[in-house]
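The values are calculated or read from the model by the stated rules, or taken from the named source; none is laboratory data. For clarity, every value in this text was computed on a predicted model and none was experimentally measured. All Cβ positions, glycine included, derive from the backbone under ideal geometry; neighbour counts span all protein chains shown.
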Amino acid sequence: MVNDALRRLDGLFERMYAPNDKGGRPSIAPEKLARAMLLQVFYSIRSERQLMEQVQYNLLFRWFIGLSMDDAVWVPTVFSKNRERLIEHDVVVALFNEIVEMADAKGWLSGEHFSVDGTLIQAWAGHKSFVRKDGDDNGDGTDFRGTSRSNETHASTTDPHARLYRKGKTASELRYMGHTLADNRHGLIANARVTHADGHAEREAAKAMIGDARQANPDGALTLGADKGDDAAEFVEALKEIGVAPHIAQNTSNRRSAVPDEVAARVGYAISQTKRKLIEQGFGWAKLIGTIGQVMVRGLEKVDQVFMLNMTAYNLVRMRTLGQMCLQAGETA
């Protein structure tokens, strides 16, 4: 699957290979770089330095990347620099989209029934780096207890894009927020992105992602499942405006749900409530097996790249399982 997806990106890679103003070619072939980055996710390798060390002696890794036994392994700093080139050309996003198209071609996507959710991503920055923007902090920032701090007045000197945020009963930490739109048929991730962590990010990202789904399927009977936190009149109305049925879990705790009772009474609504739990599996896999449990990059674009890569890897693992199930059932995968 990876070979097929990368082959479809040959045109993009050719443009990346075109001589730039300074002349020459990128020091690492982008397709090899993408393969190496996938290995880092698949095998829970926490740093690029550790990845380069394993590529040095692991013949399986060399084969997957496309390196011969005699090829020199890249220097970690060069590897990191070339990752930025992939961001510039949206290579990971393009790879993710190709994998989704492959899943669609195999009939593994409904294209109509979706679930949305978000997860907090721990930034690679600590509380001590969160200081006043005007530089008027007393001391070196190591003693912050008992002081009032907010994202309006403070920022991290280590990662300025990270935001101090808490959700539910969790402690306030410097974080990003990852969002996914899952197709309900098999729980594959159809869309993903990272935003700053704040109280509006989840709904805004959800509206953007389901909007993309509506654009891809203008005439379909789309539904969107979500948890109780999204049971808000503004969000429900936004879905109705683009013809998406709000299959959102009703929040009736001392309030009236924005989801109409006639919608909640439908069989499809009950199915959506069951299916939307699949979306959590992607987050769980990416944090336990993948590399978003603690990202080792800084900046919104780089964290977004890592998150998209994890969702790509998750889809590949899930599609492999679906393919095996089809073969066992005697179907053509």
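May I ask you to say which residue of 207, 240 is among the charged types (D, E, K, R) and farther than 17 Å from residue 262 by Cα?
Going through 207, 240 in turn, the sole match is 207.
Need pairs with beta-carbon distance below 6 Å; first residue touching a residue at least 24 places away in the same chain (Cβ under 8 Å) and more than 18 Å from residue 180 (Cα to Cα) and within the stretch 84-108, second polar (S, T, N, Q) and surrounded by 18 or more Cβ atoms within 10 Å (Cβ to Cβ); sequence gap 6+ or separate chains.
Listed pairs, sorted by first residue: 87/305.
On the basis of being at pLDDT 95 or above, surrounded by 22 or more Cβ atoms within 10 Å (Cβ to Cβ), farther than 20 Å from residue 98 by Cα and hydrophobic (A, V, I, L, M, F, W, C), does residue 206 make the cut?
yes
Working only within the stretch 237-279, note down all residues that are surrounded by fewer than 20 Cβ atoms within 10 Å (Cβ to Cβ), more than 24 Å from the chain's Cα centre (by Cα) and part of a helix (DSSP H, G or I).
237, 240, 241, 261, 262, 263, 264, 267, 268, 270, 271
Pull up the stretch 280-333, narrow it to residues that are exposed (fewer than 13 other Cβ atoms within 10 Å of the Cβ), polar (S, T, N, Q) and not in a helix (DSSP H, G or I), then point me to the one that is modelled with the highest pLDDT.
Here the residue is 294.
Going by the conditions given, is residue 51 farther than 22 Å from residue 281 by Cβ and touching a residue at least 40 places away in the same chain (Cβ under 8 Å)?
no
Mind counting the residues in the stretch 209-234 that are within 14 Å of residue 117 (Cα to Cα) and either among the hydrophobic types (A, V, I, L, M, F, W, C) or surrounded by fewer than 22 Cβ atoms within 10 Å (Cβ to Cβ) (or both)?
8
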